[in-house]
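Below is one structure, written out as structure tokens, with a few remarks after it.
The values are calculated or read from the model by the stated rules, or taken from the named source; none is laboratory data. If you're wondering where the values come from, they're calculated on a predicted model, not measured in any experiment. Cβ placement follows ideal geometry from the backbone for every residue including glycine, while neighbour counts extend to all protein chains displayed. Areas reflect the complete protein model, heavy atoms only, side chains present, ligands, DNA and RNA absent. Shrake-Rupley method; radii C 1.70, N 1.55, O 1.52, S 1.80 Å.
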Amino acid sequence: QVQLVESGGGLVQAGGSARLSCAISGRPFNMYTMAWFRQAPGKDRDFVAAIQGSGGSTVYADSVKGRFTISLDNSRQMVYLQMNALKPADTAKYYCAAGLEVTRPQFRYAYDAWGRGTQVTVSS
């Protein structure tokens with residue numbers, strides 16, 4: 001089983017940037033699809049972005065396209081989420097997820113390993 005630990009959240013002003021990190025341990029992550037989801041209070045956990053651990057192909061939610069970038073560092077077993085032009089609507093707890101043989105990367109139940117999340121708060 002793979003273990004995931006997120007870091008990098010915090011308080012950011014609207015229009016600013018932040019980078020989230022996810023450290024992966026337990027198994028080589030090139031076997032996995034890695035993703036970021038987010039959950040605001042009282043709302044569902046929503047897909048943000050995903051990347052193939054083997055080849056790096058990516059997919060994004062429409063709400064973050066052009067602002068967020070997901071990337072890998074294979075040597076360090078890390079996944080990153082670079083967030084630019086942040087909006088108050090981006091305020092949420094962000095979760096890193098990993099799944100094997102994921103065919104629907106936007107679907108939260110495709111992932112069987114989750115981190116505990118890191119809070120991102122965007123002030124207006």
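Note down the relative contact order for segment 18-124 as a percent, whole number, built from C-alpha pairs under 8 angstrom at least six residues apart.
Over segment 18-124, the number comes to 31 percent.
Out of Gln82, Gly56, Ser124, whose Cα points farthest toward the positive end of the dipole of the chain (charges: +1 Lys, Arg; -1 Asp, Glu; placed on Cβ)?
Ser124
Once amide H atoms are placed 1.01 Å from N in the peptide plane, what residues at a sequence separation of 5 or more from Val12, or on another chain, have their amide H within under 5 Å of its amide H?
For Val12, whose amide H was placed from the backbone, the distant partners under 5 Å are Thr121, Val122, Ser123.
Using Cα springs under 10 Å in a Gaussian network model of the chain, which residue among Ala40, Ala50, Ala89 shows the largest mean-square fluctuation?
Ala89
Once the piece of chain linking Ala40 and Ser63 is laid out straight, how much longer is it, given 0.36 nm per residue of separation minus the C-alpha distance between them?
Extra length available between Ala40 and Ser63 comes to 6.8 nm.
Among Ile24, Ala113, Gln13, whose Cα lies farthest out toward the positive end of the dipole of the chain, if unit charges sit on the beta carbon of Lys, Arg (+1) and Asp, Glu (-1)?
Selected residue: Gln13.
Report the residue, chosen from Pro88, Pro41, Pro28, that carries the largest GNM mean-square fluctuation when the chain is represented by alpha-carbon nodes joined by springs under 10 Å.
Among Pro88, Pro41, Pro28, the largest mean-square fluctuation in the Gaussian network model of the chain belongs to Pro41.
In cubic angstrom, how much convex hull volume per residue do the alpha carbon atoms of the chain span?
92 Å³
Ignoring ligands, DNA and RNA, what percent of the accessible area of the chain is carbon or sulfur (1.4 Å)?
Reported share for carbon and sulfur atoms: 46 percent.
Just to confirm, what accessible area per residue do you get for segment 1-53 at 1.4 Å probe, in whole Å²?
For segment 1-53, the per-residue accessible area is 47 Å².
Dipole of the chain, Cα-centred, from +1 at each Lys and Arg C-beta and -1 at each Asp and Glu C-beta, to the nearest 20 debye?
160 debye
Gain in length, Gln82 to Glu101, computed as 0.36 nm per residue apart minus the alpha-carbon separation, to one decimal in nm?
4.3 nm
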